[in-house]
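Beneath this line is the structure, given in structure tokens, with notes to follow.
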Amino acid sequence: MHDAVSSFTAVSSDQGNLQMERVPLNDIANQFGTPCYVYSKAAISHNFLAYQSALADKAHLICYAVKANSNIAVLQTLAELGAGFDIVSIGELERVLRAGGDPSKVVFSGVAKSASEMQRALELGIHCFNVESEAELELLNNTAANCARVAAVSLRVNPDVDAQTHPYISTGLKENKFGIDIDRAPQVYQRAAQMSHIKVVGVDCHIGSQLVDTAPFVAALERLLALVDRLGELGITLDHIDIGGGLGVCYNNEQPPTPENYMAAVLPLLQGRSEMLVLEPGRSIVANAGVMLTQVQYLKSNGEKNFAIVDAAMNDMIRPALYQAWMDIQPVVRSDVPAAVYDVVGPVCETGDFLAKERSLSISTGATLCLFSAGAYGFVMSSNYNSRPRAAELMVDDDQVHVIRQRETIEDLFSGEQLLPSKAG
């Protein structure tokens, strides 16, 4: 199965004209307007099945990281394939339910879970809580007691492993806010094992995102396994080992491992062990399954630089501004216009409002551009800054295009707001 699905490409070129599955991207832009996000159902399925195939002989649970792309149609696609879900808020949990996800396959991560969030998750019977602090453990025990429930717990430990990624998405160092120091973990596990409404079921670790080398994963797992063995000596046995997510994708010229390569590096370390393996992939499932389409409004030159001013902005896609992320951008229709070097910028009143810099593009005013690798951390991080309605989201399934989120209207911008009462006289 893995060989069969690995050949799928979300976006292809037909004589220089881009299409997703069997639908030309220019047709999508013309019909649904820009900016818009477009996802390939086949690509999402392919990327998830690649993990399933790589783990076929190992007891496992693949929990898609909802924060990467939380549209309920995306979650539905994965739920129908048997995915579990990694959530970080009650809102994400409710999305999983709306999409048909199974609560018993949900792991609840995040550093600031509230008692009300814990209560809802306990009522639904989630797989476990990934507890990130001793204070959280105490609150969870008290909340579970008040609900007459027992909370299944996996402690998220911080192994102090450098993920060698952008500092904003590195989460496994002692200086980061996430998890419990791995050296402190045995004492915390012993405390958890004594609590009346806590059941210790696993250990969790997530060292960062956009990793393009297996070495940090292996180093973190080696530290996890040493902890698991130490816990066994203390009489604490675990049902699962959660090694998190973080597998990178190709934005420019990176060569990240495939899920098969990744598992080939870590599974030998688990040989002979009975614990179920839990994974929390997000970006590697959806990033390259989606694009953002945007139209060139103006071409401008100031004598020093050429600017392609488009109708998408940093409020629609913040990754370039926030992370200095490089994302490929190309016209969706081939043009014979001579190429020029442009900064692709948006309408927002910030110098940091750009999608791409110093790109050679053959474009004219009115051209539609495709921003690649936009399926992860795109729409989910968008905002209404500058009072701009958020973009539409679309799903392509073979030759069909489905609207999975309507474009916001101006009226939507005022939803929930109220004027002050007018003063009489």
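Since every read-out is calculated from the coordinates, none of them should be taken as a lab result. Predicted model, so just to flag it, every value in this text is computed and none were measured. Neighbour counts are summed over all protein chains in view; Cβ atoms, including those assigned to glycine, are modelled from backbone coordinates with ideal geometry.
Which net charge results for the neighbourhood of Asp398, defined as the other residues with beta-carbon distances under 10 angstrom from its beta-carbon, given Lys and Arg at +1 and Asp and Glu at -1? My count for the surroundings of Asp398 gives -1. Residue ranges 78-87, 12-21 sort as 78-87, 12-21 when ordered by packing (mean number of other C-beta atoms within 10 Å per residue, highest first).
Pairs Lys67/Lys199; Lys41/Lys199; Lys113/Lys357; Lys113/Lys199; Lys41/Lys67; Lys41/Lys305: which exceed 28 Å Cα-Cα? Show your work: numbers first, answer last.
Details: Lys67/Lys199 26 Å; Lys41/Lys199 38 Å; Lys113/Lys357 39 Å; Lys113/Lys199 18 Å; Lys41/Lys67 18 Å; Lys41/Lys305 39 Å.
In this structure, Lys41/Lys199; Lys113/Lys357; Lys41/Lys305 exceed 28 Å between Cα atoms.
Against the chain, whose longest principal axis comes from its Cα atoms, helix 115-124 is set at around 80 degrees. For Lys300, the aspartates and glutamates whose Cα falls under 18 Å of its own Cα, not counting residues fewer than eight places away in the same chain, are Asp311, Asp343, Glu350, Asp353, Glu358. Summing charges over neighbours of Gln119, with a neighbour being any other residue whose Cβ is under 12 Å away from its Cβ, gives +1 when K and R count +1 and D and E count -1. For the range 109-281, averaging the sequence separation of C-alpha pairs within contact (under 8 Å, six or more residues apart) and dividing by the residue count gives a relative contact order of 20 percent.
Taking only C-alpha pairs under 8 Å that are 6+ residues apart, what is the relative contact order of the chain in percent?
Working: 945 pairs, mean separation 78.2, N = 425.
Contact order relative to length: 18 percent.
Positive end of the dipole of the chain, charges at C-beta (+1 Lys, Arg; -1 Asp, Glu), about the Cα centre: which of Ala185, Leu413, Leu299 has its Cα farthest in that direction? Looking along the dipole axis, the top candidate is Leu413.
Angle of helix 41-54 to the longest C-alpha principal axis of the chain, folded into 0 to 90 degrees and rounded to 10: 30°. Protection proxy ranking, highest mean first, for peptides 278-287, 234-243: 278-287, 234-243, where packing is the per-residue count of other beta-carbon atoms within 10 Å, averaged.
What is the angle, in °, between the Cα long axis of helix 134-146 and the longest principal axis of the Cα atoms in the chain? Nearest 10 is fine, range 0 to 90. Taking Cα atoms only, the helix is inclined about 80 degrees.
On a full-extension model of 0.36 nm per residue, what is the gain between Tyr323 and Arg149, subtracting their alpha-carbon distance, rounded to one decimal in nm? Numbers along the way, then the final one.
On the way: separation 174, 0.36 × 174 = 62.64 nm, distance 4.16 nm.
Contour length minus the Cα-Cα distance gives 58.5 nm.
Ordering Val218, Pro103, Leu137 by Cα displacement along the dipole of the chain toward the positive end leaves Leu137 in first place; charges were set at the Cβ atoms of Lys, Arg (+1) and Asp, Glu (-1).
Could you work out the local net charge near Ile182, counting Lys and Arg as +1, Asp and Glu as -1, over the other residues with Cβ closer than 9 Å to its Cβ? Present the calculation step by step, with values, prior to reporting the outcome.
Numbers: positive: Arg184, Arg223; negative: Asp160, Asp181, Asp183.
The answer is -1.
Hey, got a sec? Which trypsin sites (Lys or Arg not before Pro) in the range 184-237 land in a DSSP loop and have at most 16 other Cβ atoms within 10 Å?
Working: sites: Arg184, Arg191, Lys199, Arg223, Arg230; in loops: Arg184.
Listed in order of number, the matching sites are Arg184.
Where the only charges are on Cβ atoms (+1 Lys, Arg; -1 Asp, Glu), what is the dipole of the chain about its Cα centre, to the nearest 20 debye?
On the way: 31 positive and 49 negative charges, 114 e Å.
Once rounded to the nearest 20, the dipole reads 540 debye.
For the listed peptides 60-70, 316-326, a ranking on the average number of other beta carbons within 10 Å per residue, highest first, reads 60-70, 316-326.
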